[in-house]
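Q: Please see the structure below; I have some questions.
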Amino acid sequence: MPVTFYREVLDAPRGIELVVRFDRVRAEVTDYALVLVVIVGGRFHTVRVYDGAHGRNEMHRYARKLGKQPAEVFHGGTLGEGMRAAKRAIRDGYEEMIDGWL
């Protein structure tokens, strides 16, 4: 099962990146994790995670002082559809997500 991993810089001066990992069988996504990170003081901090670890499209918010929050289902489609929706959500809304993390 091929695993794909890459990082996408969203805002280099502010140290904001999207880390993507997904598994697939042929063209079907079988698992994924998209992680929005921000670099503060030379350290990577997780802001939000979208994943398919439990066979459904879930999202975890992180709070700087409280850490990882409970999972919420964010999309009812396939894992591939959820992964694409998560990528759009992060690209379009990362600033608001980071404000919530702060």
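The values are calculated or read from the model by the stated rules, or taken from the named source; none is laboratory data. It should be emphasised that the depicted structure is a prediction, and the values quoted were computed from it without experimental measurement. Counting neighbours? That spans all protein chains shown, and the Cβs are built from the backbone with ideal geometry, glycine included. To get the accessible areas, we keep the full protein, side chains included, count just its heavy atoms, and leave off ligands, DNA and RNA. Shrake-Rupley method; radii C 1.70, N 1.55, O 1.52, S 1.80 Å.
Q: Which sequence of GLU81, GLU96, GLU8, GLU17 reflects their accessible areas, 1.4 Å probe, from the largest down?
A: Details: GLU81 80, GLU96 145, GLU8 45, GLU17 15 Å².
Result, largest first: GLU96, GLU81, GLU8, GLU17.
Q: Return one number: the angle in degrees, 0 to 90 and rounded to the nearest 10, between the long axis of the Cα atoms of helix 79-101 and the longest principal axis of the Cα atoms of the chain.
A: 10
Q: Rounded, prolate or oblate: pick one for the range 48-102, where a ≥ b ≥ c are the square roots of the eigenvalues of its C-alpha gyration tensor, a/c under 1.5 means rounded, and failing that, prolate if a/b is larger than b/c, else oblate.
A: Because a/c hits 1.5 or more and a/b fails to exceed b/c, the range 48-102 counts as oblate.
Q: Could you look at the chain and say what percent of its accessible area is carbon and sulfur, using a 1.4 Å probe and all protein chains?
A: Solvent-exposed carbon and sulfur of the chain make up 51 percent of the total.
Q: Give me the 1.4 Å probe accessible area per residue for the chain, excluding ligands and nucleic acids, in Å². Intermediate results must be reported in sequence, preceding the final value.
A: Numbers: 6040 Å² over 102 residues.
Using a 1.4 Å probe on heavy atoms only, each residue of the chain averages 59 Å².
Q: Continuing with the same structure: Note down the accessible area of LEU102, probe 1.4 Å, to the nearest 10 Å².
A: Surface accessible to solvent at LEU102 totals approximately 120 Å².
Q: A follow-up question, please. Could you list log10 I(q)/I(0) for the chain at q = 0.13, 0.21 Å⁻¹, which the Debye formula gives when each Cα is one point scatterer?
A: -0.44, -1.08
Q: Testing the spin-label approximation: label points 7 Å from Cα along Cα→Cβ at PHE44 and ALA27. State their distance in nm.
A: 3.1
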